[in-house]
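S.K.: Sharing a structure with you now.
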Amino acid sequence: VLKTDIEISNESSVPASNLSLHFSLEDANGKEIALKQNTNPVQKIAAGATEKANLSFSIAKPEKWDSEHPYLYTLTCRLKDGKKVLHETVRRVGFRQVEVRGNQMYINNMPVKLRGVCRHEVMPLRGRSVNDGMWRKDVELFRRGNVNYIRTSHYPENKLTYELADELGLYICAEANIESHSDLPSANPEFNGMVLDRTQTMVENLKNHPSVVIWSLGNEATYA
């Protein structure tokens, strides 16, 4: 089941009507997959208002995504006013199921061993000023080195890291940017809002990436 959560904001000064959502799904070869009810009307949206829509599509026998078979589909959502396209959003998506049974992780009902490293967004010659191409080079080096898993220590990385992990087949442990080297965030309730906000933001930003199989809630903080 392919589920979509849509938010449409009318940022104009007049109500918006005659709107509709149009969805299309293509496989890795660019062949379109038939979607039932791929066109959905949108109710009138008042000026400055936001409407939400939750739509699901049943996909018969989809190709599964894993690190050895990083199969991706392309989902396109278009917002139209009559026949005019107002906005278009394109996402690459993968179908996979993650389970833990005892002390063993299964992906698509197959046991998986994680062979991984921590990764910082840094390079020897430029420090933290990483330039174009280094993200792909890093992921390609990991794959050639028989690494199938990385931990993003200690912050959400550039979006290219996750997109390339989806494309090239690399499992990710996504870590919230919560590192304290002390007991303050976990022991002091004044930090609860900050911790929850950063964790929620991480999940909202990365939940659509099939490469993300583990969520880390922070690093080096005590539970005093």
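What follows is calculated from the coordinates using simple rules that are stated; it is not laboratory data. As the structure is a computational prediction, the values presented were derived from the model and not from experiment. Every residue, glycine among them, receives a Cβ derived from its backbone with ideal geometry; neighbour counts consider all protein chains shown.
S.K.: How much of the calculated P(r) for the chain lies past 27 Å, in percent of all Cα pairs? Can you show the working numbers first?
M.R.: Working: 11908 of 24976 pairs.
Of the Cα pairs, 48 percent sit more than 27 Å apart.
S.K.: Also, I was wondering about something else. Hey, which aspartates and glutamates would be in cross-link range of Lys137, C-alpha to C-alpha under 17 Å, not counting anything within fewer than 8 residues on its own chain?
M.R.: Those aspartates and glutamates meeting the cut-off are Glu121, Glu157, Glu163, Asp166, Glu167.
S.K.: Here's another thing I want to ask about it. Would you mind counting up the charge near Ile59? Only other residues with Cβ under 15 Å from its Cβ, with Lys and Arg at +1 and Asp and Glu at -1.
M.R.: Within the 15 Å Cβ shell, the charges total +4.
S.K.: Let me ask something additional. Please give the Cα centre distance for region 32-70 versus region 159-212, rounded to the nearest Å.
M.R.: Centre-to-centre (Cα) distance: 25 Å.
S.K.: Between Lys84 and Asn29, what length comes free when the chain is fully extended (0.36 nm per residue of separation minus the Cα-Cα distance, one decimal in nm)?
M.R.: That works out to 17.1 nm of additional length.
S.K.: If you don't mind, there's one more thing I want to ask. Antiparallel versus total DSSP beta bridges in the chain: what percent is that, nearest 5?
M.R.: Numbers: 41 of 55 bridges.
Close to 75 percent.
S.K.: Could I have the simple spin-label model distance between Ser13 and Lys36, label points 7 Å from Cα toward Cβ, reported in nm to one decimal?
M.R.: 4.6 nm
S.K.: Provide the net charge surrounding Met134, with neighbours chosen by a C-beta distance below 10 Å and charges set as Lys +1, Arg +1, Asp -1, Glu -1.
M.R.: On the way: positive: Arg126, Arg136, Lys137; negative: Glu121, Asp132, Asp138.
Combined, the nearby Lys, Arg, Asp and Glu give 0.
S.K.: What are the lysines whose alpha-carbon lies under 19 Å from the alpha-carbon of Lys31, with same-chain residues fewer than 8 places away excluded?
M.R.: Within the straight-line cut-off, Lys31 pairs with Lys61, Lys64.
S.K.: Tell me the net charge near Glu157. Cut-off is 12 Å between Cβ atoms, Glu157 excluded, with +1 for each Lys or Arg and -1 for each Asp or Glu. Walk me through the intermediate numbers first.
M.R.: Details: positive: Arg119, Arg128, Arg151, Lys159; negative: Glu121, Asp138, Glu163, Glu175.
Counting the neighbours of Glu157, the net charge comes to 0.
S.K.: Project the alpha carbons of region 73-172 onto their principal axes and report the range along each, largest first, in whole Å.
M.R.: Result, largest extent first: 51, 43, 24 Å.
S.K.: In nm, give the distance between the simple-model label positions of His69 and Asp5, each being 7 Å from the Cα along the Cα-to-Cβ direction.
M.R.: In this crude spin-label approximation the distance works out to 2.9 nm.
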